[in-house]
Each structure stands twice: as C-alpha cells, then as structure tokens.
1. Within the stretch 1-56, track down each residue that is more than 19 Å from PRO67 (Cα to Cα), at pLDDT 90 or above and among the small types (Gly, Ala, Ser).
2. Where residues in the stretch 37-73 are open to solvent by 20 Å² or more (accessible area, probe 1.4 Å) and part of a helix (DSSP H, G or I), which of them is nearest to ASP1 (Cα to Cα)?
3. Return the pair list, or none, for Cβ contacts closer than 8 Å from residues in the stretch 17-43 that are within 14 Å of THR84 (Cβ to Cβ) to residues that are among the hydroxyl-bearing types (Ser, Thr, Tyr) and in a helix (DSSP H, G or I), at least 6 apart or on different chains.
4. Output the residues belonging to the stretch 1-14 that are within 24 Å of GLU90 (Cα to Cα) and either more than 16 Å from the chain's Cα centre (by Cα) or in contact (Cβ under 8 Å) with a residue 60 or more places away in the chain (or both).
5. For the stretch 25-36, state whether one or more residues are outside any loop (DSSP other than H, G, I, E, B) and touching a helix residue (DSSP H, G or I) at 6+ places or on another chain (Cβ under 7 Å).
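The values are calculated or read from the model by the stated rules, or taken from the named source; none is laboratory data. Computed from a predicted model, the values in this text were never measured in an experiment. As a convention, Cβ positions derive from the backbone with ideal geometry for all residues, glycine included, and neighbour counts pool all protein chains shown. These area figures cover heavy atoms from the full protein model, side chains too; ligands, DNA and RNA do not enter into them. Shrake-Rupley method; radii C 1.70, N 1.55, O 1.52, S 1.80 Å.
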Amino acid sequence: DFTADWCAVCRVNEATALNTKATTALFKKHGVVAFRADYGKDEEPVGLLMDALGHPSRQLPMYAVFPGPGKPVIKFEGPITAGTMARAIEKALAMRDGGAAQAETAAGSSGKDEQKQVTGKHIGEETK
C-alpha cells in the first residue's frame, strides 16, 4: 500500500477495500504480510521504491503484491474494491504455487487482459 495522508482516494480504499473484515481474513488465511509505504512522510525512499517497481509517475495510491522470488510483481493503482485486492492475492497465490500459466487459468484469461481483469488499471498502461 503506497499511500499518503493527504491522498483522498487512498483513505477511501483503506476504508472500503483494505481495512475490511474480508480483506483482513484473506490476508490472515494466506499469510499475506501487508506493509504501508507512506509517501507523505518518507517521500524519497518510498519514491525510489516506486521507481524500482516501474511506477516512475509516483501517482497514489499504488499497490504491489509480491508472489514470491522470481515471480513478477502484481502492481495496480487508483480506486480499488475488496474484490480487486482478493483477485490480486488469488493471482499471486496461483503464481507462487503453480506459475503464471496456472494464474492465467485461475483468472480465466491471459496476458494483458488478465492484468486488466485483476487490477482495473495496470500500471504503465495508457488510459483510453
């Protein structure tokens, strides 16, 4: 969770998608470790991490799910729902447990379309 106190969308996402009983239960069930990178308090190190993750615009909010060593990071931004987060976690679990091919099957699509389905707006993608 890349966020800042002054980010209104971040606050809404926290209340409606991240800090919910469903999301908390999902994280606990699968051993997901959540972290908060506060761009408003630590702009330079958080910004450098965003750059390293391929998000040089540093727009907030931004989310990253790490499936495991050697697996691509699932990144997304903007308004989200609890379902958005659940789909990203499910995709990460499938990637971790069986590789990207299994993740595509679990999501019901493949490639760039799969990223759109999981994230809504994939980072690096032009808005049409």
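1. ALA4, ALA8, ALA15, ALA17, ALA22, GLY47
2. In this case the residue turns out to be LEU49.
3. Close Cβ pairs satisfying both conditions: ALA17/THR23; ALA17/THR84.
4. Once the filter is applied, which keeps residues that are within 24 Å of GLU90 (Cα to Cα) and either more than 16 Å from the chain's Cα centre (by Cα) or in contact (Cβ under 8 Å) with a residue 60 or more places away in the chain (or both), the stretch 1-14 yields ASP1, PHE2, VAL9, VAL12, ASN13.
5. Kept after step one, since they are outside any loop (DSSP other than H, G, I, E, B), are these residues of the stretch 25-36: 25-30.
From what's left, touching a helix residue (DSSP H, G or I) at 6+ places or on another chain (Cβ under 7 Å): 26, 30.
Looking for residues that are outside any loop (DSSP other than H, G, I, E, B) and touching a helix residue (DSSP H, G or I) at 6+ places or on another chain (Cβ under 7 Å), one finds at least one in the stretch 25-36, hence yes.
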